[in-house]
Amino acid sequence: MNFPDLLQWQWNGYASYHQSRTNLLIHIVAVPLFWLGTLGLIGSAIEGSWLMAIVAPVLMVVSMVLQGRGHAMEENPPVPFSSAANAISRIFLEQWVNFPRFVLSGAWLRAVQQRTPS
């Protein structure tokens, strides 16, 4: 699947995989942790900071663990990854494109307001 198709495929099913209020609340905290980790990795390469190079991936892993626990609460579990490249692509698309799009479109807030606690 090419990049635009993967992006659209992920977006088309996004709301159905993000219905649990608990998962939605986890995502609103965990996704920015992933952003900080990603930016920290870039910053560590630019600055040559070993501390940042250690802390940044830890933030990314913590974010993924939290989101994984959130997704485990969903009625509709995410589609399993088909390969390492698929996993990396989908993770980065969700974190940097589709979740922000979900929030900025107002869909996140509507979903939180409509859902019962998990």
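The values are calculated or read from the model by the stated rules, or taken from the named source; none is laboratory data. This one's a predicted model, so the numbers in the text were calculated from it and none came from an experiment. Here the Cβ positions follow ideal geometry from the backbone for every residue, glycine too, while neighbour counts run over all protein chains shown.
Things worth noting here:
- Some residue of the range 97-112 being within 19 Å of W9 (Cα to Cα) and basic (K, R): yes
- Yes/no for V55 being farther than 23 Å from Q8 by Cα and either surrounded by fewer than 13 Cβ atoms within 10 Å (Cβ to Cβ) or at pLDDT 95 or above (or both): yes
- Residue in the range 63-82 that is polar (S, T, N, Q), surrounded by 14 or more Cβ atoms within 10 Å (Cβ to Cβ), modelled with pLDDT under 95 and more than 18 Å from W35 (Cβ to Cβ) present: no
- Flag if L24 is part of a helix (DSSP H, G or I), of a type in the set (A, V, I, L, M, F, W, C), buried (at least 16 other Cβ atoms within 10 Å of the Cβ) and in contact (Cβ under 8 Å) with a residue 60 or more places away in the chain: yes
- Residue tally, condition in contact (Cβ under 8 Å) with a residue 12 or more places away in the chain and in a helix (DSSP H, G or I), over the range 62-79: 8
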